[in-house]
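Since the structure comes first, as structure tokens, the remarks are kept for the end.
The values are calculated or read from the model by the stated rules, or taken from the named source; none is laboratory data. Since the structure is predicted, the reported quantities are computational estimates derived from the model, not experimental observations. All Cβ positions, even for glycine, are placed from backbone atoms using ideal geometry, and neighbour counts span all protein chains on display. Only protein heavy atoms, including side chains, enter the accessible area calculation; ligands, DNA and RNA are left aside. Shrake-Rupley method; radii C 1.70, N 1.55, O 1.52, S 1.80 Å.
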Amino acid sequence: VQLVESGGGSVQAGDSLRISCLSSGRTFKSYVMGWFRQRPGKDREFVAAITRVFEPTYADAVKGRFTISRDNAKDTLYLDMSDLKPEDTAVYYCATPAALFYESVTYQEGYTWWGQGTQVTVSS
């Protein structure tokens, strides 16, 4: 399985940005997909996840501002970020578990494959 993120960049506080993750190597539509981020000086943390039946889960810090979605026809995961804040500055990673029916979507330990990450920088 390969995951390749794209779409990161530098924006101003209050701006919006979409990042993407292209998956290959297995049947994309059958698996949970997640977004995680690592902010400067912090551990990697959960951001959002989406199940095979399109059920989203969000971290409290991004709820109401970020939207996770997936296009199974394009094997692509998206994260639409709005009202960005300087504290959203991080490297964003997409990830997917090996298990077909993975339920603990917020726990990164269960995710097997990770992308290389894409940098999002928000300035005030």
### Message
From the list I68, I50, exactly one residue is open to solvent by less than 20 Å² (accessible area, probe 1.4 Å) and over 17 Å from S6 (Cβ atoms). Which is it?
### Response
I50
### Task
Scan the range 59-104 for residues that are farther than 28 Å from S124 by Cβ, assigned to a loop (DSSP other than H, G, I, E, B) and not aliphatic (A, V, I, L, M) and jot them down.
N72, K74, D75, F101, Y102, E103, S104
### Message
With the structure loaded, tell me whether K63 is farther than 19 Å from L100 by Cα and open to solvent by 70 Å² or more (accessible area, probe 1.4 Å) or whether it fails that test.
### Response
yes
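Every residue in the range 93-124 that is of a type in the set (F, W, Y) and either open to solvent by 70 Å² or more (accessible area, probe 1.4 Å) or out of contact with any Leu (no Cβ under 7 Å at 6 or more places or on another chain) (or both), please.
Kept after step one, since they are of a type in the set (F, W, Y), are these residues of the range 93-124: 93, 101-102, 107, 111, 113-114.
The answer is Y93, F101, Y102, Y107, Y111, W113.
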